[in-house]
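Take a look at this one; I'll ask things after.
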Amino acid sequence: MDVDSNHSSPVLADPASINNSRLGIYSNLLPCSPPGGSLSSSKYINISRKKPGKLDEVCSNGWLDAMKSSSPPRKKLVKDGPDTAYSSWMFKHPSALNSFEEIASFAKNKKIAMFLDYDGTLSPIVDDPDNAFMSDDMRSIVKNIAKYFPTAIISGRSRDKVYQLIGLTELYYAGSHGMDILGPVGKASISNDHPNYTESTPDQQGKEVNLFQPAREFIPMIDEVFRTLVEKTRGIEGAKVENHKFCVSVHFRNVDEKNWQPIAQSVQDILDKYPRLRRTHGRKVLEVRPMIDWNKGKAVEFLLESLGLSNRDDVLPIYIGDDLSDEDAFKVLREGNRGYGILVSSRPKETNAVYSLRDPNEVMKFLNSLVAWKKVEEGGCILNNRRTI
Ligand SMILES: O=P(O)(O)OC[C@H]1O[C@H](O[C@H]2O[C@H](CO)[C@@H](O)[C@H](O)[C@H]2O)[C@H](O)[C@@H](O)[C@@H]1O
């Protein structure tokens, strides 16, 4: 995707590419064997006529299929024998617990920078997003991790909400998929490129921090979209819409599958009305966000720069996440060979992560192991120094 040619804004400015991608998304709304029969709106038929021969592709990439696969039913997993598939997938993405020694030996004499997603990583996935609490044990291990390594939370939720859920002041927080970052005052060249989006502000302790919000101009639009989607989905039992300030989430986890199409349609109507917004999806959730060249990967780069930790051989960034939006961060770390992405998943998934962990319990064990290892490493350093004195 191209960014605005003057580089003063990360907002995607090529209307042709916007229209094309919108058309792509629009075409993708064509159902692929939807439950209870086909969708017969003439809008869809017109689109498929415009793109003859594309029907299979459209079906296999359809929204409803994507919605179905965004968290498969547990029963199906058992029937299909997930363990065999999972075991062979783990050859490609070994358990970060089983590979702990390998990771530790690479991290030796390096400074680890820790990036953590929230839902599905620090807290288990639950039916109601308002009840996605992390355990006290997890909170205390994250607190410990932050004692030893600079640690940031990169969440799809609003920054305020994820801070409320975690409640640790010693972390950096990036909400709305990285579009709302409260980070250290540093020399992030990305923020120097976008001075209009950066603001210096005191944090909870009165310490001066930088607030970086590259989609600030979208706040009123997102607010409007939130209200419209609440209204449009009001009659759909189980639907839930969240306002994350720079993006909106439309949850369908608790919605009967026969009502997924109207949900997808409501989101499509929004995209038709607001060409500067785009759709992404996560675990049983559709999201509407600004069409800007910014994501969790960019947020990781931004934070590394702000912390003075980018382009350094003695730094090892580790990112742990469970969802599609975390892939942008895994990709950034993998491409630059900069660090490790760890995918949290109990089923095989296409991913840019190097390692895997099954669930938040395993995340906790891994974080615990890192702290224990670091303590020993530091102890060793002190001992070594004493010996040389
Ligand atoms: O980037 P994250 O911190 O992982 O946030 C991603 C989304 O997480 C939340 O939704 C997900 O978790 C819910 C609670 O377990 C679950 O009910 C839902 O089905 C999941 O999609 C959050 O509510 C979303 O807004 C975030 O975008």
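What number of residues within segment 156-174 are part of a loop (DSSP other than H, G, I, E, B) and more than 12 Å from the ligand (Cβ to nearest atom)?
Number satisfying all stated conditions: 5.
In addition: Could you say which residue among PHE246, PHE226 is in a loop (DSSP other than H, G, I, E, B) and either closer than 19 Å to GLY175 by Cα or open to solvent by 20 Å² or more (accessible area, probe 1.4 Å) (or both)?
On inspection, the qualifying residue turns out to be PHE246.
For SER310, work out the one condition from (1) free of Cβ contacts under 8 Å to residues at least 24 places away in the same chain; (2) within 30 Å of PHE366 (Cα to Cα); (3) open to solvent by 40 Å² or more (accessible area, probe 1.4 Å) it doesn't fulfil.
(3)
Scan segment 136-174 residue by residue and report those that are closer than 15 Å to THR121 by Cβ, touching a residue at least 40 places away in the same chain (Cβ under 8 Å) and among the small types (Gly, Ala, Ser).
Of everything in segment 136-174, those that are closer than 15 Å to THR121 by Cβ, touching a residue at least 40 places away in the same chain (Cβ under 8 Å) and among the small types (Gly, Ala, Ser) turn out to be ALA152, GLY156, ALA174.
Restricting the search to segment 88-108, which residues are open to solvent by less than 20 Å² (accessible area, probe 1.4 Å) and not hydrophobic (A, V, I, L, M, F, W, C)?
HIS93, SER95, SER99
Looking at (1) under 29 Å from PRO290 (Cβ atoms); (2) over 16 Å from the mean Cα position of the chain (by Cα); (3) not polar (S, T, N, Q), can you tell me which one LYS147 breaks?
Checking LYS147 against (1) under 29 Å from PRO290 (Cβ atoms); (2) over 16 Å from the mean Cα position of the chain (by Cα); (3) not polar (S, T, N, Q), the one that fails is (1).
Which numbered condition in (1) out of contact with any Gly (no Cβ under 6 Å at 6 or more places or on another chain); (2) outside any loop (DSSP other than H, G, I, E, B); (3) modelled with pLDDT of 75 or more; (4) not small (Gly, Ala, Ser) is the only one that PRO214 fails?
Just one mismatch for PRO214, condition (2).
May I pose another question? Would you mind stating whether ALA264 is closer than 18 Å to ARG157 by Cα, open to solvent by less than 10 Å² (accessible area, probe 1.4 Å) and either out of contact with any helix residue (DSSP H, G or I) (no Cβ under 6 Å at 6 or more places or on another chain) or in contact (Cβ under 8 Å) with a residue 60 or more places away in the chain (or both)?
It is false that ALA264 is closer than 18 Å to ARG157 by Cα, open to solvent by less than 10 Å² (accessible area, probe 1.4 Å) and either out of contact with any helix residue (DSSP H, G or I) (no Cβ under 6 Å at 6 or more places or on another chain) or in contact (Cβ under 8 Å) with a residue 60 or more places away in the chain (or both).
Looking only at residues that are crowded, with 22+ Cβ neighbours inside 10 Å and part of a loop (DSSP other than H, G, I, E, B) in segment 229-243, which one is farthest from the ligand (Cβ to nearest atom)?
THR233
The values are calculated or read from the model by the stated rules, or taken from the named source; none is laboratory data. This one's a predicted model, so the numbers in the text were calculated from it and none came from an experiment. No Cβ is skipped: glycine too gets one built from the backbone with ideal geometry, and neighbour counts run over all protein chains shown. These accessible areas exclude ligands, DNA and RNA; they are computed on the full protein's heavy atoms, side chains included. Shrake-Rupley method; radii C 1.70, N 1.55, O 1.52, S 1.80 Å.
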